[in-house]
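> Got a structure for you, questions after.
The values are calculated or read from the model by the stated rules, or taken from the named source; none is laboratory data. Values in this document were obtained by computation on a predicted structure and should not be read as measured data. Backbone-built Cβ (ideal geometry, glycine too); neighbour counts: all protein chains shown.
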Amino acid sequence: MLAIAPRPGPRPATHYGLPHQQLDQNPPRAIYDALLARFLATPDTTSGPSLISVPGARALFLGCEGPCNETAFLRGREFVHVHPSEDGSFHMILAPDDCEAVLAAGWGELHPLAAAGRFHPHALMVYAPRDEAEIETVLAIVAAARRFAMTPSQDVQQ
């Protein structure tokens, strides 16, 4: 299970509709640029424009040589995307325990379509990092999404 420290301070304001986005506590440009560089360097992935998000969102895709968890993808082989710099939040699907950990630590919220039962029940928005230390936490959550996508479906407990 993902072990992360609680996110300090109040939760950011979000637009809890479509597009689901973070409205305040957005990252300074230097933090976003550092985050994006490290995000795009995630091992064993390719990157490109998101297949499902707003224009300018960057996604990571997994090739999966062997069996993958087909329920862990947002669209196609996209398992996570980050919104443009004026937002900086992420969308992804996590394993049930990891999703609970993120929500309990105040690092994210369920996607409105998940909450309405119209999408994967563990699809969520992870809030944008506000400083260098928070980049580490957010990238640990991205790594958990990658692990979930790489876990063969028959080994996953929904």
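> Taking the conditions exactly as written (more than 18 Å from ALA3 (Cα to Cα) and either under 13 Å from the mean Cα position of the chain (by Cα) or modelled with pLDDT of 95 or more (or both)), does ALA72 satisfy them or not?
For ALA72, the condition - more than 18 Å from ALA3 (Cα to Cα) and either under 13 Å from the mean Cα position of the chain (by Cα) or modelled with pLDDT of 95 or more (or both) - is met.
> Here is a list: ARG58, ARG118. Which entry is of a type in the set (Lys, Arg), touching a residue at least 12 places away in the same chain (Cβ under 8 Å) and on the phi < 0 side of the Ramachandran plot?
From the options ARG58, ARG118, the qualifying one is ARG58.
> Another question, if that's okay. Taking the conditions exactly as written (touching a helix residue (DSSP H, G or I) at 6+ places or on another chain (Cβ under 6 Å) and at pLDDT 95 or above), does SER53 satisfy them or not?
Judged against the criteria, SER53 is not a match.
> For the condition out of contact with any helix residue (DSSP H, G or I) (no Cβ under 6 Å at 6 or more places or on another chain) and at pLDDT 95 or above, what is the one hit in PHE39, PHE79? Step through it out loud before you land on a result.
Details: PHE79 fails: out of contact with any helix residue (DSSP H, G or I) (no Cβ under 6 Å at 6 or more places or on another chain).
Among PHE39, PHE79, only PHE39 is out of contact with any helix residue (DSSP H, G or I) (no Cβ under 6 Å at 6 or more places or on another chain) and at pLDDT 95 or above.
> Which one of LEU103, LEU35 is touching a residue at least 60 places away in the same chain (Cβ under 8 Å) and either touching a strand residue (DSSP E or B) at 6+ places or on another chain (Cβ under 7 Å) or in a helix (DSSP H, G or I) (or both)?
It is LEU35.
> Has region 92-103 got any residue that is closer than 17 Å to PRO12 by Cβ and surrounded by fewer than 19 Cβ atoms within 10 Å (Cβ to Cβ)?
Yes, the conditions are met somewhere in region 92-103.
> Further question on the same structure: Any idea how many residues of region 52-96 are part of a loop (DSSP other than H, G, I, E, B) and touching an Asp or Glu at 6+ places or on another chain (Cβ under 7 Å)?
Total meeting the criteria: 1.
> Within the bounds of region 125-132, is there any residue that is part of a helix (DSSP H, G or I), surrounded by fewer than 23 Cβ atoms within 10 Å (Cβ to Cβ) and over 12 Å from the mean Cα position of the chain (by Cα)? Full working, then the answer.
Our first condition is that a residue be part of a helix (DSSP H, G or I); within region 125-132, this holds for 132.
Keeping just the survivors that are surrounded by fewer than 23 Cβ atoms within 10 Å (Cβ to Cβ) gives 132.
Among the residues that remain, those that are also over 12 Å from the mean Cα position of the chain (by Cα) are: 132.
Yes; the residues of region 125-132 include at least one that is part of a helix (DSSP H, G or I), surrounded by fewer than 23 Cβ atoms within 10 Å (Cβ to Cβ) and over 12 Å from the mean Cα position of the chain (by Cα).
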